[in-house]
Structure formats: structure tokens, C-alpha cells
Ligand SMILES: NC(=O)c1ccc[n+]([C@@H]2O[C@H](COP(=O)([O-])OP(=O)(O)OC[C@H]3O[C@@H](n4cnc5c(N)ncnc54)[C@H](O)[C@@H]3O)[C@@H](O)[C@H]2O)c1
């Protein structure tokens, strides 16, 4: 045994050296790709390489495990290359943030040789889905566009059924893909259809609202509303790729833009003081928007990675949401989601952090007060799916960039 342990120790030492060499080579390739404007990913080469390498193994049990090992190494290598190409830190290699990239969606998403169902809604300018469809010419075997009525009220079982019917009628099978082009409603609904049709199709997301670009498009949560309860039926289904083109925000109504920004303020307040300063000091939001999206996604990605199935830490993303959801529900459509979250944050921020949050919300015309009775909000919070008994866990911020979890009795909530 001692001898085998020594052998493993030596091999681990050699592997560490090989890893260093491999990453040094990957770095050089990344610099070359950056210079030539080439994408990080080359799926055809990866597939060929994995097949070739695994072919060296006669033992099937080892072959499958070596394939997993190689995929892990490739994924780490791609993240590393993305970091080099995109500068500083980047959320993840499968999230592309690039202005004006919509027309190259086909290449950047890396879709090849499958049927594609583009799902969008009637409020998203039709040219966005058409541009993505055009970019898929010569890559996808067939491209279909399915459009449903815009709005949260469409995130229901009938619209979901409509997408499934379109997939059946189009003869979609397991190897085919779904691409969402739109805001969080489209992403959640198309993602859920992709997660469940034939037990899962490949899913790609091209978010076009600020909220979906900096929040809902990553993390793999897909859902529809049912029996009057938001997001009650859903699945975790990670997108293969997310393509963010902030140029699409130019057609988004200002109110929607500000509402999406509330989620960035949330992320910044709990986890990134530098991002908070950028939002606080910005004099031209569209000039800073890619950086705001990038840093928000880094915060979200880190949380999702640490807690993919929302078992604990991911609750930090609920800062402002406990009361925010209740305000949204009680106001019956008067407030957009981000507007309700904006007001919700103020209940759980203290001292200087609260003053700064209040100021930044005012700067972006986000509401900071409402006239809903505390009793109404308490009753709604008690019904919230996250409440277990009378006690709920809330996220509190007393210093920008950090947070604590606190268990409170709903009746004791200072609202
Ligand atoms: N999955 C998650 O992790 C997650 C996280 C947060 C929110 N969500 C969900 O996201 C949804 C809200 O998303 P949303 O705020 O993006 O709303 P939305 O999808 O309803 O979009 C808002 C409106 O903007 C329109 N629109 C979209 N892109 C546009 C563009 N570029 N130009 C002009 N109009 C455009 C839409 O048609 C819609 O009318 C909710 O259902 C919420 O539950 C999901």
C-alpha cells in the first residue's frame, strides 16, 4: 500500500508539472486567438481530440472516465483562455459578452448540424430573432421561429404547451436545440421546454433585457408560473451558451432598463463594492453597461457555482426579494420586478450602506416607497415558498460589498 501511495504521489507531482506546461501552451494559443479574433471554443476539434485520446484505452471503464477527465481539463483551459482574451476576470467561457454580436450568433454559439427552434415573444423586436436565424444559415439543418404573446402572464402552461407542440410538429429530436431570444420570460419558458422535451434538448440563451443579461440567463433555473404561483413548476437546465449583445438594450424602454439595473445594484450591494461605485458614479450608463453586466455575472456565477441547486448560499441573490416579491404581488402589476426588489432592499440595508443604496435607486428613478400595508406584506411573505413556518432567512447589508444571513420571525419583520 505504502508503495502505491508513493506512486500516486509521484504521478500527482508529474501531473502538476504537466498541468503547468499545458496551461502555458493554452495561454499562448489564447493570445494568438485574441490577435486573430478567433473564438475560444472549437467544438469539432475538442470532440475529435477526446475521441482520439480515449481510443488509447482498451478498458471501457477507464475510457469513459478519461473522457470525463479530459472534458474537465478542456473546460478549465477554456475558462483560462477566456480570462486572457476578455481581460481581467470573465464569468465563464460559455458566456459571451460582445457588443454587436447578434449577427454572429450562429458561429459564437457554436451550433452545428442540428435543427434549431428560436423562441421569442411579441414584445422583442422581431429583427433580433430574424438576425439570429440568418446567422444560423449553413450551420443549422432547419431554423424555426416560435413567437408567443409578451408578458409575465404568458409564462404559463398553455404557452409552454405551444412551444412543445411546435417542437413535435417540427420533428425535433434529442440532438436538436432551442435558442431563447428575449427577456427573462422567454428564457425561463423556452429553457423549461428545452429541459423537458425528450428529457432535454440543448439550450442556448440570447437575452435581450438588462435583467436577463445580467441575471436570469445564467444559473440554469427555468420555470413557468402555475395556479397563480410564480415559477412553481420548473427544472434546472444549464444553457450550453449565453450570448449577450448589449446593443439590443437600445430598444428596451428606459423603465425596463432601470428595473434590470436594480438586480445589478443588488449584486453589487452584497458582493462587489467596486461594481456599486461604477453604478453610483456612471454618467453614461450605456457606456458602462458591458462592465456592469460582466461584473454582475461574475457575482452570480460564483454563487451559482458554489450552490448550483439553491441549498443555501444562493439565497444571497434574494437580497431585497423577500419583501420585493410581496410588494410585486400586492401591487398587482403596478411595479416591475426590479422596482419591487429596489424597495425590498431598503428594508434590509443599514447605516451608510442604506443611504448609498437609497441614493443610487433615486438616481435611476427606481421607487423607494409604497403604500401597501405591512400586514398585507407579512401575509404574502408567509405564503412565499421560501418561508418555512414563521421563520425566514433574510439577507442583510450593513456595508456595501458584504452581507449576512439572519433568521427572523415574519411577525418581527420591520416592514
Ligand atoms: N431564471 C432566473 O434565474 C430568473 C431570475 C430573475 C428573473 N427571472 C424571471 O425573469 C422574468 C422577467 O424578465 P424580464 O424583466 O426580462 O421581463 P420580460 O421577459 O417580460 O421582458 C420585458 C418586456 O420587454 C420586452 N423586450 C425584451 N427585450 C426587448 C428589447 N431588446 N427591446 C424592446 N423590448 C424588449 C419583452 O417583450 C417584454 O414585454 C420573470 O418571469 C422572472 O421570474 C428568472
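The values are calculated or read from the model by the stated rules, or taken from the named source; none is laboratory data. It should be emphasised that the depicted structure is a prediction, and the values quoted were computed from it without experimental measurement. When we count neighbours, we look across all protein chains shown, and the Cβ atoms used for this are built from the backbone with ideal geometry, even at glycine.
Okay, here's what the table says:
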| quantity | calculated |
| --- | --- |
| Residues of the stretch 109-122 satisfying the condition of being within 16 Å of the ligand (Cβ to nearest atom) and buried (at least 19 other Cβ atoms within 10 Å of the Cβ) | 118, 119, 120, 121 |
| Meets criteria (near the ligand (Cβ under 10 Å from one of its atoms), in a strand (DSSP E or B) and either under 21 Å from residue 335 (Cβ atoms) or at pLDDT 95 or above (or both)) for residue 223 | yes |
| Residue in the stretch 247-258 that is surrounded by 24 or more Cβ atoms within 10 Å (Cβ to Cβ) and at pLDDT 95 or above present | yes |
| Residue 180, sole failed condition from (1) within 6 Å of the ligand (Cβ to nearest atom); (2) farther than 21 Å from residue 314 by Cβ; (3) surrounded by 24 or more Cβ atoms within 10 Å (Cβ to Cβ) | (1) |
| Single residue of the stretch 226-253 satisfying the filter (more than 8 Å from the ligand (Cβ to nearest atom), part of a loop (DSSP other than H, G, I, E, B) and in contact (Cβ under 8 Å) with a residue 12 or more places away in the chain) that is farthest from the chain's Cα centre (by Cα) | 245 |
| Flag if residue 218 is touching a residue at least 60 places away in the same chain (Cβ under 8 Å), near the ligand (Cβ under 10 Å from one of its atoms) and buried (at least 20 other Cβ atoms within 10 Å of the Cβ) | yes |
| The stretch 305-320, residues that are more than 11 Å from the ligand (Cβ to nearest atom), in a loop (DSSP other than H, G, I, E, B) and closer than 13 Å to residue 219 by Cα | 307, 308, 309 |
| Where a residue in the stretch 309-331 is assigned by TED's automatic domain parsing to the domain that holds residue 396 and closer than 15 Å to residue 382 by Cβ and its partner, wherever it lies, is modelled with pLDDT under 95 and assigned to a loop (DSSP other than H, G, I, E, B), with Cβ under 7 Å and at least six apart | 323/415; 325/384 |
